[in-house]
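Peer 1: The structure is given below, and queries will be raised subsequently.
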Amino acid sequence: MTVPSGPSCILHRFGKDINKNELASPGWNCLPACNQIAYCVTAQAITYEAPVKSCPTADNVMVDCFLSIIFTIGPSAEDVKKFAYRLGAFRFDEFLYAALEEGIRHLIRSTLHTAIYSLKGSGDEGVENTRHELNRKFNRFGVKFSTVAITDVKFKDELQRTLQEKTEFDSKIKEEAKKQKNEMDQIEFDKTRRMQVLTQTNARKIQDLQAKRTRIEIERQKAEVDAKGRADIAITRAKQAAQVALVKAQSELDVAKNKGLKDKEEKVADAMAKMKAQSIQVEQECKSKVFEAQQKLAVARAKADALTTEAEAEGQAAGALKASREHSLRMAKAEVMQGVASSNKIVIAGQQGDSLINEMLGASVLGDIKLA
């Protein structure tokens, strides 16, 4: 018996699988006549085309969808025998078409007609979910789906024309937008170029103005330095002049003060000399007056002694004349004292003055007063 090497072959003996975990070995096999190849299942990837007609979208637009799927059966003996015994090619075709139609209709139903074309290909998430759902359903039959792709999506003819016109209009809009964008880019480029020219021109002007300002600042600083130097010189000169004037004023003040002191000393000396002269004169006058008064006092005392002697003599001679004599004596003393008192420039001092006062004033007048 010759077993092909391409497909996976299931060997039966008397119509029964003799080994559930193995496939028939490819090549020439020497086996009894009761052995036969019951199933041959291809091991290559199979492409399956499945059109789904009149699928409503989420906004109830009918769409014809064309799918292309790639699947493999096996390659393990268990998976191959699951497919052959449980499903088979005919039932697999019916079951697969029904599962594809259900999945695609569900996918189309959840999509707006404006997004239908985005489903084309195999990269959409909904298409990928459909592949996973097929693998979940057919995994127990040993079938594995590697690719599920929507190859084409078509609307009804009238709608197709409308959408085509819309697409063309959108393309024109995009083209016009690109054209406008190109014009705007050109305008922006011209604006940028002009702005650069203006910026460069303004930058040069700013540099010139900055250089001019720097030059003016340098000149101003120089003028400030010169003015400050002149001001310092003027201040120094003014200070020197003020110092000279101050020294001069101080000198004049000292001269005036010395002159005033000299005048004061001279006036004080003159006044002291005058006062001393007057004092000497007054003292001389006083001494003269005192001397004169002493002389008069001596004369009066002599007269009084004479009168006293006379009175005593008379008293001895006649007691009757005593009172008359005493009265005359007192009158004479009073005249002498009147003469002394009539001179207002007499200075009475010393022991002689005290004696004179004691004689002028009796004990009855002085009482307890003591003349030191």
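The values are calculated or read from the model by the stated rules, or taken from the named source; none is laboratory data. Given the structure is predicted, the values throughout are model-derived calculations rather than measurements. Using ideal geometry, Cβ is built from the backbone for each residue, glycine included, and neighbour counts are taken over all protein chains shown. These area figures cover heavy atoms from the full protein model, side chains too; ligands, DNA and RNA do not enter into them. Shrake-Rupley method; radii C 1.70, N 1.55, O 1.52, S 1.80 Å.
Peer 1: Excluding ligands, DNA and RNA, what is the solvent-accessible area per residue of the range 177-242 at a probe of 1.4 Å, expressed in Å²?
Peer 2: Computed with neighbouring chains in place, this is 93 Å² per residue.
Peer 1: Could you look at the range 5-72 and say what percent of its accessible area is carbon and sulfur, using a 1.4 Å probe and all protein chains? Display every interim value, and only then the final one.
Peer 2: Values: 2120 of 3910 Å².
About 54 percent, which is the carbon plus sulfur part of the accessible surface.
Peer 1: Next question, about the same structure. Per residue, how big is the convex hull of the range 246-291 when only Cα atoms are used? Give it in Å³.
Peer 2: Values: hull volume 1.2 nm³, N = 46.
Output value, Cα hull per residue: 26 Å³.
Peer 1: Which cross-chain or sequence-distant (5 or more) residues have an amide H under 5 Å from the amide H of Phe155, H modelled 1.01 Å from N in plane?
Peer 2: Correct list: Asp64.
Peer 1: Then there is this: What accessible area per residue comes out for the range 1-149, rounded to a whole number of Å², with a 1.4 Å probe? Numbers along the way, then the final one.
Peer 2: On the way: 8200 Å² over 149 residues.
With the other protein chains kept in place, the range 1-149 gives 55 Å² per residue.
Peer 1: In whole Å, how far is the Cα centre of the range 1-41 from that of the range 53-111?
Peer 2: What the calculation gives is 30 Å, centre to centre.
Peer 1: Could you tell me what a quarter of the Cα convex hull surface of the range 103-149 works out to, in nm² with one decimal place?
Peer 2: On the way: hull surface 12.6 nm².
Directional mean of the projected Cα hull area for the range 103-149 stands at 3.1 nm².
Peer 1: With viscosity set to 1.306 mPa s at 10 °C, what whole-number translational diffusion coefficient in µm²/s follows for the range 75-199 from Stokes-Einstein and a Kirkwood radius over Cα pairs?
Peer 2: 83
Peer 1: Carbon-plus-sulfur fraction of the accessible area of the range 160-264, 1.4 Å probe, in percent?
Peer 2: Details: 5560 of 9640 Å².
Summing carbon and sulfur atoms, their accessible area is 58 percent of the total for the range 160-264.
Peer 1: In addition: How big is the range 16-110 on each of its three principal axes, counting only the C-alpha atoms and giving the largest first in Å?
Peer 2: Largest to smallest, the principal-axis extents are 65, 21, 19 Å.
Peer 1: Can you give the charge dipole size of the range 1-86 about its Cα centre, rounded to the nearest 20 debye, using +1 on the beta carbon of Lys and Arg and -1 on the beta carbon of Asp and Glu?
Peer 2: Working: 7 positive and 7 negative charges, 90 e Å.
For the range 1-86, the charge dipole is close to 440 debye.
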